[in-house]
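None of the figures in this text is laboratory data; all of them are computed from the coordinates on show. Since the structure is predicted, the reported quantities are computational estimates derived from the model, not experimental observations. Cβ coordinates were reconstructed from backbone atoms using ideal geometry, including for glycine residues, and neighbour counts include every protein chain displayed.
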Amino acid sequence: MKNKFVKITLAATLVLALVFTYSCFSDSGLSKNDCIRVELGVKANTLDDVAAACNATRGEVLSQIQNNVGSCSKNDLDFDKPIKDITASCGVSEIPIISGASSSSKRSSSSSCDIGGTVVIGTQTWMAKNLNCNVAGSKCYGNDTGNCDKYGRLYNFETAKKACPKGWHIPSNAEWDKLYHSVDGTSGTESPYESETAGKVLKTQSFAALLGGGGTADGNFMGVGENGAWWSASEDDSNNAYSRYIYDGDDAAYWWKDDKSYLLSVRCLRD
């Protein structure tokens, strides 16, 4: 367990054992084209990541993108460059999909809830980015909507329990433990479990654990860019629930117990 919002650096570096499997097309029931449209909304992806996630060719990915991408042509797009860099260099907020393409694949039954894509790690299917469902009680870091776009929204515990769209839920301690073990290649029954190496992989691979910080009920925010904090569904007592933390400059992935009034990120797991 590690103190929340405090950054440390581990002295040891361990060898990682990891197998990641992307899944939007095969696991979610989406058509290939809808899968591509979903994955194009995940700005940490490269265009090659989109193709791999949807079992698609580069040509099939390009077929779902409008000819004019801001100041760029789709033929100028670099398949090795993250989508966030493409949109920045082309002067657009997102990759524009073909005219008439349905946007329903990118959103839940709530019109204010952006799902964004999925990733399979081990046997679990996770959302590919932090939840950004604009429900009552949720906030953007620093009350800046740009932070919601980048990091997702922040939720207190009671709001978090109800925020995931139908077919999804916030993970329990056991489910977070399973993710950590899948990433670091270990096994065990200790719960909650801390991993000395899982944080490094979860920050840099398809899980895209962006460090969105957190907040308090009285409107204070802290830690953006320094730590990410996500709710667990597991409760400690009437006032506190378990959470998971990852820090900048630290390879580990931790657990903590937070006051239920705190504002943390949510990452949904498929039922």
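Go through segment 130-150 residue by residue and tally those that are touching a Ser or Thr at 6+ places or on another chain (Cβ under 7 Å) and closer than 17 Å to ASN220 by Cβ. Qualifying residue count for the region: 2. Is it the case, given these coordinates, that LYS166 is of a type in the set (D, E, K, R) and within 18 Å of SER243 (Cβ to Cβ)? So LYS166 does not fit the description; no. If the condition is being surrounded by fewer than 21 Cβ atoms within 10 Å (Cβ to Cβ) and part of a helix (DSSP H, G or I), then segment 172-181 contributes ASN173, ALA174, GLU175, LYS178, HIS181.
A count restricted to segment 150-162 and to residues that are in a helix (DSSP H, G or I), touching a residue at least 40 places away in the same chain (Cβ under 8 Å), within 24 Å of GLU226 (Cβ to Cβ) and of a type outside the set (Lys, Arg) stands at 3. Only residues that are farther than 16 Å from PHE207 by Cβ and either acidic (Asp, Glu) or not in a helix (DSSP H, G or I) (or both) were counted in segment 42-82, giving 23. Looking only at segment 73-92, residues that are under 27 Å from LEU210 (Cα atoms) and surrounded by fewer than 18 Cβ atoms within 10 Å (Cβ to Cβ) come to 11 in all.
Between THR159, THR204, THR189, THR197, the distinction of being of a type in the set (Ser, Thr, Tyr) and buried (at least 23 other Cβ atoms within 10 Å of the Cβ) belongs to THR197 only.
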